[in-house]
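Have a look at the structure below before the remarks.
Values quoted throughout were computed directly from the atomic coordinates according to the rules given, and no laboratory measurement underlies them. Everything numeric in this text was worked out from a predicted model, so none of it was measured. Virtual Cβ from ideal backbone geometry, glycine too; neighbours counted across all protein chains shown.
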Amino acid sequence: MSKPQVEQIYPLSPSQQGMLYESLAAAESGIHVEQLVWRMEGPLDEAALERAWQHVVERHAVLRTGFAWKQQSEPVQVVLPRVAVPLRGQDLRALPPDEQQQRLEAELESERLRGFKLAKAPLMRLALFRFSDDEARLVWTFHHLLLDGWCLPLLLQEVLSCYQAFLQGQTPRLGTSRPFRDYVAWLKRQEPEAARGFWSARLKGFTRPTPLGRPAAQATSDAGYGVVQAGLPPARTEALLATLKQHRLTPSSFFQGLWAVLLSRYSGQTDVVFGTTVSGRPPELEGVESIIGPFINTLPVRRVVEPSRELWSWFQEGQTQRNDQRAFEYCSAGQVHEWSEVPGALPLHESILVYENYPMEAFQASSSSGPGLALADLRSIGARTRHPLTLLILPGSELTVRLVHDRSRLDAASAERVLQGLLALSVAVADGAPERLGALLSLLPDDLIPAVHAPREATPTDSLTEGGAPSTPLQLRLARLWTELLGVERVGMRDNFFARGGHSLLAARLVSSVNEAFSVQLPLVGLYESSTFGALAERIASLQRTAPSASAPSSTALPQVTPAPEARFEPFPLTDIQQAYWVGRSGDYELGQVSTHIYFEINGQGLEVSRLEQAWRRLIDRHDMLRAVILPDGRQQVLKQVPPYHLRILELRGQDEASRTRQLDAVREEMSHQVLPADRWPLFEIRASLLDDGHLRLHVGLDALIADAWSMFCLFQEWARLYQEPEARLPPLELTFRDYVLAEEGLRRTPLYERSRAYWMERVERMAPAPELPLARTPDAVGAGRFQRRGSRLSREDWQKLKQRTAEEGLTPSAVLCTAFSEVLARWSKSPRFTLNLTLFNRLPLHPQTHEIVGDFTSLSLLEVDASLLEPFTARAQRVQQQLWQDLDHRHFGGVRVLRELARRQGGSQRALMPVVFTSTLALGAAGQEASVLNQFGEMTYAVGQTPQVWLDHQVIEQDGALLFNWDAVEALFPPGLLDDMFAAYCRFLARLVDSGAAWHELHPELTPPAQLARRAAVNATEAPLSEQLLHEPFLEQARLRPRDVAVITPSATLTYGELDTLARHLGHQLREAGVQPDTLVAVVMEKGWEQVVAVLGILMAGAAYVPVDPSLPKERRQALLAQSQATWIVTQPWIDERGEWPEGSRRLRVDRAP
């Protein structure tokens, strides 16, 4: 077997999506391309260095990642099993030193602007510039889509470790590292509604970006970005940091507040918003420190600058705001913008502040590169952004401020004034800041205030200046989509979607709207390739003009059917679903010994049995699959001739009611769950029971091996016509089911199939299990399960109301019903995250007569549902619909094959893997086949279906304008009353969706039966007074009452309450004597043990609060947590204290056994 070409495929994080779209929109600008330059002195083994880099690339999947967006509903990242990253060399030794540096700078700019082909891994390059025999510069150019600044020291340390190992002839030994895809999976488990609520509230009332420099509409022709830089001398830097420490303010929080003050002064506005970068690494994700990937994120900071406010309390308020938002820092900038009140045509902010606290200096100090080789002057050249101004704060012994500005928006002189203004206020704080915020503002000299051009009011002709107005019907229709989406009044032919404020989420929504409005298939990349209004309109027109028959074969082309009438009666393969049905009949599988069978009864009057029989015989002659059998070798064959079919007659006329009922029940018992022999004709049975007064009951049983729901509707429609018009001539059928099956097998040799297969192979690794419903018996104890039906309906009026509301929410009725079904399952399932088995009626358009023939065209799709998120029902339904549509884009690798792969990975499991089914036939009605055709001979009074390896099948059908819905379930599996409660809850919920608009917005609809709620309330009636004691006071009480009882047991020590009390009080006294004040934080850096208990109790007894820090964390992460907590005192264990890895200025106390 050949080596797979793709190792993994998984979605992008929201921040990655934003970077991808921005990079595509500005492909040759160098946006999001970063570089690292490293001076290397001494003897260098280039081969070992190249090998070290290659080893690290093979270790981290993210470094072998490219991105796919063409012909994708959502972009994905594609990991290759191996990529080569050569070390390209340039020899500059013959050049003088000045020219060497000039050549290096030129090469750096060239490499940046060269960018990357984002679809092709690796998105990184290495170059080595030789300056002399003993000096070189290593240049690493990479795309920000792969990693952020926090990853740099981790990766570089790994490269150095590998380099040293290879020099010594050893195999590198590196610690474990979680993959970035674990973070992407974590993101999908977060609650978008909570994040939406937080950011909407944070930005409520803010409607326009804070102005800085010239507005975009008045930008000059000066191209490119300029850079100005300056720093604070070491003494000033030290004084500033000491002042901030005194006021418990981090440098990052300080500079955010300072920039808000400057923006307020520059713009004349008190309410300002700017962007700032956050690390984005969620501490609750275990091992997140080791993950290589792009976590860093840019999020808005909003401050109201009130001159009367006390200075330091205002700064600390900003720090508190930062802490409050940490739980929602995973949201992308595009999402936050969409949740704000700033129109999509405008940016949310025009400046960003970056405090670069990457632990690079610690890395340089601790790195050792090998014998004779010294490393120095590690220089990072950050990625460019699309903002007019980026302010970078670079900490160090001499704090540096670097300002990157768009010269068309902010000229060099203005940028210099901004820089000097920031430094002037920093010096003022270092020298002793005033008490009030207004006094600080007054310290800024007028000559350091740049000119800010107030944006002029938009005029009705603004959007028409770019190439004129739309005029054709297509253009006018497209213009409506643009204006609604971007929040603008008009659009011009040369307007660029991204220049008018479009971002990643708006791009996805526009593409979706275009495809729906114009019935085309515009890929997402098409918007980037045709980003102006006029170009996009022309592209849509071109897609409409291009007939499929005129197109060249493409990766989405389907195989065509070639009818073969001469081979009509030759055996041919079973489809995937037929194979599953056939194998499921055996007793080798859980819940087997059952056929996939539908049985129903129709009460009619005045029907002639002979005419019914004759009409059905004509259908047997017409439709091959009514003469089909399954051969013992697992193939199917159409019989050329079969005997005349006779309806079995049951004579019940003149009998008493009890006798009639007993015999009719016996027929139902026999036929409803029958397993017709698959190798013998016929695979259907029709009987007629003759009743008094011309009444007749038809009993119809049909094996799904030969016909699906569409086929059954088609058969009844033709049966009724031939009954009414015995001489009618139906159009001849050129196509056979055999022709279709053989053509569909050709699909497996197409790119379309391979793309679908790759999608599901990636999904199967993390697919949720089936709903874990309460069971009374294990499935293997049930044997051949008997199905029982529960059914109900929505009236025509109610169904129309539900469909209307569904359309208003942008949803399909099937998606709403499936989501409602999932809500009920989630209430009874052990886990709210599960997978449903969806029945698809998947007739591919391989031939004009595909919809006229009888056969089983069914396929399955596995739909993952996560009902754990706290969001309105509408949002959950939209998420279900989006997942369903994404799955349907990859339906050519069917659910049966996915289930086989799941079973293979579970060791050949013969369990029912996905036994909860949702079957919607609503799409058949939209396509012209309605369930009402089943009533042409009378009224359907009973129906039940069964399927092997299924617990519960929910079917929805539209009939005569009303909605019928049924649950067919293996009754013996479930506790008595459970299915009744669940079905009643489902009925109540549908009724609420019809009658109550509030039901669509409930975060957690109440579906539990009232009787259960009453029992639960009684059990949970445990109200008791709340204790007013402090956390440690109950312990003190126990220590007084039972001092000799054992309180703590560990492998190394056992402490009584009295001993624990003595040790804790001793530590508390030590802390108070050391100057620890009440309501301050003391860090506990300890491994698990009795010492932790002593430390926590001692800190509480001192009146302080404790901050636990795991000593096994990497040094940089540990020190970052300590710095963030501002804990001066640290309580630790002796062996941890001896390691000496403590922040400068920290003070420590050890916990020993002896007080």
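Ranking request for peptides 1111-1124, 95-108: highest mean number of other beta-carbon atoms within 10 Å first, then the rest in descending order.
Numbers: 1111-1124: 16.0, 95-108: 13.4.
Highest to lowest by the protection proxy: 1111-1124, 95-108.
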Treating only the Cβ of Lys, Arg, Asp and Glu as charged (+1, +1, -1, -1), what charge dipole size does the chain show about its Cα centre? Round to the nearest 20 debye.
600 debye
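Given R₀ = 51 Å, FRET efficiency for Arg833-Ala94 by Cβ-Cβ distance, to 0.05?
Working: r = 64 Å, r/R0 = 1.25.
Computed FRET efficiency for Arg833 and Ala94 comes out at 0.20.
Please give the per residue volume of the convex hull enclosing the alpha carbon atoms of region 826-889, rounded to a whole number of Å³.
On the way: hull volume 7.1 nm³, N = 64.
Spread over its residues, the Cα hull of region 826-889 gives 111 Å³ apiece.
Mind checking the dipole of region 607-748: about its Cα centre, +1 per Lys or Arg Cβ, -1 per Asp or Glu Cβ, Debye to the nearest 20?
Numbers: 19 positive and 24 negative charges, 53 e Å.
Magnitude of the dipole: close to 260 debye.
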May I ask which residue of Pro209, Leu1013, Leu399 lies farthest towards the positive end of the charge dipole of the chain, with charges of +1 (Lys, Arg) and -1 (Asp, Glu) on Cβ and the Cα centre as origin?
Leu399
For the chain, longest principal axis from Cα atoms; helix 46-59 axis from its Cα atoms; angle between them, nearest 10 degrees, is 50 degrees
Spatially proximal lysines relative to Lys204 (Cα-Cα < 27 Å; intrachain offsets below 8 disregarded)
Lys188
Over all viewing directions the Cα convex hull of region 7-158 casts an average projected area in nm² of 9.4 nm²
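Show me 291-303, 823-835 ranked by packing, highest mean number of other Cβ atoms within 10 Å first.
Values: 291-303: 22.8, 823-835: 19.2.
Ranking the peptides 291-303, 823-835 by packing returns 291-303, 823-835.
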Residue-wise HN-Hα coupling along region 106-119, computed from phi with Karplus coefficients 6.51, -1.76, 1.60 (Hz; x: Gly, Pro)
5, 5, 4, 5, 5, 4, 5, 6, 4, x, 9, 7, 5, 7
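What is the projected area of the convex hull of the Cα atoms of region 601-647, averaged over all directions, in nm²? Don't skip to the answer; put the middle values down first.
Details: hull surface 18.0 nm².
Mean orientational projected area (region 601-647, Cα hull): 4.5 nm².
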Quick shape check on region 660-718: root eigenvalues a ≥ b ≥ c of the Cα gyration tensor, a/c under 1.5 is rounded, otherwise prolate if a/b tops b/c, else oblate, and it reads oblate
Projected onto the charge dipole of the chain (unit charges on the beta-carbon of Lys, Arg, Asp and Glu, signs +1, +1, -1, -1), the Cα from Ala826, Leu36, Pro251 with the largest positive-side position is that of Leu36
Mean shadow area of region 1033-1150, taken as a quarter of the surface of its Cα convex hull (nm²)
7.2 nm²
log₁₀ I(q)/I(0) of region 958-1100 at q = 0.09 Å⁻¹, via Debye over equal Cα point scatterers, no solvent, to two decimals?
-0.64
What translational D, rounded to a whole number of µm²/s, comes out for the chain from Stokes-Einstein when the hydrodynamic radius is the Kirkwood one over Cα pairs, at 10 °C and 1.306 mPa s?
45 µm²/s
Global geometry of region 231-358, whether rounded, prolate or oblate, following the gyration tensor of its Cα atoms and the 1.5 cut on a/c
oblate
Compute for region 178-296: radius of gyration divided by Kirkwood radius, i.e. Rg/Rh, restricted to C-alpha atoms, rounded to two decimals.
1.04
Cross-link partners among lysines for Lys245, C-alpha distance below 30 Å, same-chain residues fewer than 8 apart left out?
Lys1115
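Could you estimate the translational diffusion coefficient of region 920-1026 from the Stokes-Einstein equation, with Rh from the Kirkwood formula over C-alpha pairs, at 20 °C and 1.002 mPa s, in whole µm²/s?
Details: Rh = 17.4 Å.
The estimated diffusion coefficient comes to 123 µm²/s.
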Residue (of Gln8, Cys151, Trp140) at the positive-pole extreme of region 8-177, dipole from beta-carbon charges
Gln8
Run the helix sum for the chain: -39,500 (n - 2.57) per DSSP H stretch of 4+ residues, divided by residue count, reported at 222 nm to the nearest 500 deg cm²/dmol.
-11500 deg cm²/dmol
In 10 Å bins starting at zero, report the fraction of Cα pairs in region 762-865 per bin as a rounded %.
11, 26, 37, 22, 4
Based on the Kirkwood radius over alpha-carbon pairs, what value in µm²/s does the Stokes-Einstein equation return for the translational diffusion coefficient of region 569-739 at 37 °C and 0.692 mPa s?
188 µm²/s
Given unit charges at Cβ for Lys, Arg (+) and Asp, Glu (-), the dipole magnitude of region 8-177 about its Cα centre in debye, nearest 20, is 700 debye
Across bins of 5 angstrom width beginning at 0, how are the C-alpha pair distances of region 842-959 distributed, in whole percent?
2, 8, 13, 18, 20, 17, 12, 7, 3, 1
For region 751-803, what's the radius of gyration and Dmax over Cα atoms, in angstrom?
19.9, 46
Through the Karplus equation 6.51 cos²θ - 1.76 cosθ + 1.60, θ set to phi - 60°, convert the phi angles of region 1045-1058 into ³J(HN,Hα) values in whole Hz; use x for Gly and Pro.
6, 6, 10, 9, 10, 9, x, 9, 6, 10, 10, 7, 4, x
